[in-house]
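Novice: Sharing a structure here in structure tokens format.
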Amino acid sequence: MYRQDTIVAISTPIGEGAIGIVRMSGEKSVEIGDKLIIFKRGGAIREMADYSMSYGQVIDPFDGQVVDEVVVSVMRAPRSYTREDVVEINCHGGIVALKRAMDLAVQLGARVAEPGEFTKRAFLNGRIDLSQAEAVIDVIRAKTEAQLRAAMQSLEGGLSSKIRNLRSQILEVYAHLEVAVDFSDEDAGALATQDLIQKLGECQKEAGKLLVDARRGKILKEGVKVGIVGRPNVGKSSLLNVLLGERRAIVTPIPGTTRDVIEETINIQGVPFRLQDTAGIRDTGHEVEKMGVELSLKTMEEADAVLYVVDGSEPLTKEDLEIGRKLGSKKALVVVNKIDLPVLAEPDQVRQVTGERKEIRISATKGWGLEDVERGLVELVFAGELCCLDEAIMVNARQKELLEKAQRAIVSGKEALEAGMSEEFAAADVRIAYEALGEILGEKSGEDLLDRIFSEFCLGK
């Protein structure tokens, strides 16, 4: 058990609310709570049944002053979040009462918890592995139901079970390779080389599938970056505002109003799309506007997809065609705006811009065609595979890097056997893969790594 100091923190957001929670974890939680709490019906926390609640008051033990009316719950080790004794004091949700209760707990022997220390103790005490611990922050930060589902799958051990299954297969191969190395002159029951190659091929496929699921999870976690581009005054900011359902960007008839990139996120079928409104792209001598155009081009280059907006109420210009050429092979929808006005954009001209790309006609001011834009974005990015996001796993950069390292090592070991090299070369690669996957679960994790991971958590979690 990870038995150190008893820790305390305010575990609910700071501000006014109905309830705020002060959480303690550690060997002295019950002892400190008994000095801090007086129950209306008598008794003490140490006499409470596990997973029960009782009504009382927080009393300053130094001057006897009543601090707040509270409800106290107790969860004893090992059946608690941290696998330590946990006491939670449900106060009124005002910062003064909460902070006073926490400060008194500190005076009685607790210390203020570090960010993420409750979850860190849950990991170090063996209740969850490191991938589950990291999933906690994904649950907290989830902005869509799809994000929440994927994060909860990891929290409940979905990623862990897949990693453990793959490690088990790799360990079996490694064991046979080691037998072949140690007893090269004897028939010690090691599998034939061809069988080992086949098993490593299966491991390679499984690692590849995990990486595909991880890429889908990355989409859910980080969102799809969508650049809204076009020449000035074609309705880019109006499109952003109407998709958001609020006035986020300034809209005027004056070309060049937008000078910087404005980013907002919308939820389309459970997936976050990060819309980036950009400055109109054109040749300009104005220094500030020129910087905005450079940002627009950079945004277009880095985006996962592009909404290329043209003004349907005017003939297309050389600038329109030039921007179309700059799109290159980028995934893009061509959005012909202002169709509530007489349409003057020639179909042949529009086809020069669209090429094989889908064309959607809208009126941002009237709200026409917005569902077509949303549906077009989903089809463009996911090509009919949106349902596969149910198999997505939420991974962070650390986990993805280790998955890729494991896959490379598996491939290297397989190629060594296929080339007829000694089993010891393949064994070294397979061991690297096994250890890399173990790092995802938290095996051999140094204190510096753990501190960095849990420092991203809020206090009280």
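Bear in mind these aren't lab numbers, they're just calculated from the coordinates by the rules spelled out. It should be emphasised that the depicted structure is a prediction, and the values quoted were computed from it without experimental measurement. Note: ideal-geometry Cβ built from the backbone for every residue, glycine included; neighbour counts use all protein chains shown.
Novice: In angstroms, what radius of gyration and Dmax does the range 7-122 have, counting Cα atoms only?
Specialist: 12.9, 36
Novice: While we're here: Taking the simple approach of a point 7 Å from Cα along Cα-to-Cβ for both residue 96 and residue 38, what is their distance in nm?
Specialist: Each label point lies 7 Å from its Cα, and together they span 2.1 nm.
Novice: Can you give me the Cα centroid spacing of the range 97-140 and the range 327-368 in angstrom?
Specialist: 53 Å
Novice: When every alpha-carbon pair in the chain is counted, what percent end up more than 44 Å apart? Walk me through the intermediate numbers first.
Specialist: Numbers: 40758 of 106030 pairs.
Within the chain, distances greater than 44 Å cover 38 percent of Cα pairs.
Novice: Calculate the FRET efficiency for residue 139 and residue 383 from the Cβ-Cβ distance with a Förster distance of 35 Å, rounded to the nearest 0.05.
Specialist: 0.75
Novice: Taking the range 68-197 as the region of interest, what is the percent of Cα-Cα pairs per 10 angstrom bin, listed from the shortest bin to the one with the maximum distance?
Specialist: The calculated distribution, bin by bin, is 10, 23, 24, 17, 12, 7, 5, 1.
Novice: So between residue 79 and residue 66, what do we pick up on full extension, going 0.36 nm a residue minus the alpha carbon distance?
Specialist: Stretched out fully, the residue 79 to residue 66 stretch lengthens by 1.6 nm.
Novice: So, one more: Compare the peptides 341-353, 63-75, 151-163, 301-313 by average per-residue count of other Cβ atoms within 10 angstrom and give them in order, highest first.
Specialist: Values: 341-353: 14.1, 63-75: 16.0, 151-163: 19.6, 301-313: 21.5.
Top to bottom by mean Cβ count within 10 Å: 301-313, 151-163, 63-75, 341-353.
Novice: Less than 18 Å from a label point 7 Å out along the Cα-to-Cβ axis of residue 149: which backbone N atoms in the range 202-244 qualify, by residue?
Specialist: Taking a point 7 Å out along Cα→Cβ of residue 149, the residues of the range 202-244 whose backbone N falls under 18 Å are 213-224.
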